[in-house]
1. In whole Hz, with x marking every Gly and Pro, tabulate ³J(HN,Hα) for the stretch 91-99 from phi via Karplus 6.51 cos²θ - 1.76 cosθ + 1.60, θ = phi - 60°.
2. Pop the C-beta distance of Val192 and Glu43 into the FRET formula with R0 = 41 Å and round what comes out to the nearest 0.05.
3. For the chain, what does -39500 (n - 2.57) per DSSP helix run (n ≥ 4), summed and divided by total residues, give at 222 nm, in deg cm²/dmol to the nearest 500?
4. With r defined as the distance between the Cβ atoms of Leu151 and Asp214 and R0 fixed at 30 Å, what FRET efficiency is calculated, to the nearest 0.05?
5. Going toward the positive end of the dipole of the stretch 235-303, with +1 on Lys and Arg Cβ and -1 on Asp and Glu Cβ, which of Gly285, Ala240, Ala250 do you reach last?
6. Roughly what % antiparallel, to the nearest 5, for the DSSP beta bridges in the chain?
7. List the residues, sorted by chain then number, that are 5 or more residues from Gly148 or on another chain and whose placed amide H is less than 5 Å from its amide H.
8. Taking amide H positions as placed in the peptide plane 1.01 Å from N, state which residues far from Arg107 in sequence (5 or more) or on other chains have amide H under 5 Å from it.
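We did not get these values from a lab; they are worked out from the coordinates using the rules stated. The structure displayed is predicted, hence computed values, not measured ones. A quick note on method: Cβ atoms are made from the backbone with ideal geometry, for glycine too, and the neighbour counts reach across all protein chains shown.
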Amino acid sequence: MTASLPTRPLRLGTRGSPLALTQARMTIAALRAAHGWDEDAIEIVAIKTSGDRIQDRALAEVGGKALWTKELDRALLDGVIDFAVHSMKDVETIRPAEIVIAAMLPRADVRDRLIGADSLAALPANARIGTSSPRRSAQVRRARPDAGIVLFRGNVDTRLAKLAAGEAEATLLAGAGLIRLGRDEIGHPIPVEQMLPAPAQGAIGIETLADRTDMRALLGAIDDAPTNACVSAERALLAALGADCRSPVAALAVRSGAGLHMRAEILTEDGDECRSGEAMLLRTGDAEALAKRLLDGASPRLRALFTGA
């Protein structure tokens with residue numbers, strides 16, 4: 001069924017990286033298929049974020065996940081764009097009240113991929129691993145205490161170039177991003193039983209203004225309900241933990257019968273301590289209960305990384 005459009009093309013805001021632009025085009029294709037729109041119905045507005053400009057420091061040192069969203073948020077609030085697309089794992093847990101997550105596309109492969117070796121066990125002694133993720137760093141150190149962590153920031157090609165230049169022996173990238181970029185042959189997937197992914201990994205979210213009921217209705221047509229339910233539960237866990245970009249936390253929810261089965265873990269930055277748990281989620285508060293259980297069993301050092309303690 002064709003939905004009516006405004007007199008001008010809708011403006012979709014996105015970061016300008018190759019992966020972000022690919023995800024924007026996926027969103028446009030889904031909307032065109034759902035509403036019967038032509039090629040001119042939506043235009044892409046590429047916006048450079050602080051996270052794209054600042055590449056030499058960890059996110060925690062320069063503002064956290066807001067570096068990926070604040071410029072797009074401002075564009076939404078100022079009416080420069082009508083909606084915005086994000087990798088959901090890069091979206092802060094607490095969002096401005098004026099902005100809503102109106103839809104999520106079907107989730108892709110949630111696993112991390114190791115590039116540079118067949119497995120963590122196959123890495124040479126004292127290998128350097130390139131990553132900027134506290135979660136990946138802690139998990140690698142837990143599995144390989146001899147490994148060293150080297151800061152790798154930037155898009156996929158930038159990180160692969162750093163690896164090729166010998167700045168590290170291996171790096172980790174999200175499988176979903178490689179698949180979306182048509183580079184499925186790169187790297188070795190790590191089973192989730194060995195490396196639980198970041199909350200919301202592999203999911204694409206689309207945001208608009210809360211009071212734009214027209215946009216919310218249009219975007220709702222492409223929302224994948226199972227993905228939305230799982231990712232929302234993982235984000236609820238993050239909120240209950242009081243986690244931020246410095247907090248090593250992993251979580252994965254999957255549909256199971258009438259509810260969701262969630263596995264989660266919190267770690268110290270060096271990987272020495274890991275508290276893990278799982279739960280069947282049948283109602284909203286169940287993710288919060290799992291977060292409380294993780295924190296209650298944690299040492300003071302681990303709890304200090306989470307403000308929900």
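1. Karplus-based 3J(HN,Hα) across the stretch 91-99 equals 9, 4, 5, 9, 9, x, 4, 7, 10 Hz.
2. FRET efficiency, Val192 to Glu43: 0.65.
3. Rounded to the nearest 500, the figure is -9500 deg cm²/dmol.
4. The computed FRET efficiency comes out at 0.10.
5. The listed residue farthest towards the positive side: Gly285.
6. DSSP beta bridges in the chain are roughly 70 percent antiparallel.
7. Amide H neighbours of Gly148, under 5 Å, 5+ apart: Ala127, Arg128, Ile129.
8. Close amide H contacts, sequence-distant or interchain: Thr227.
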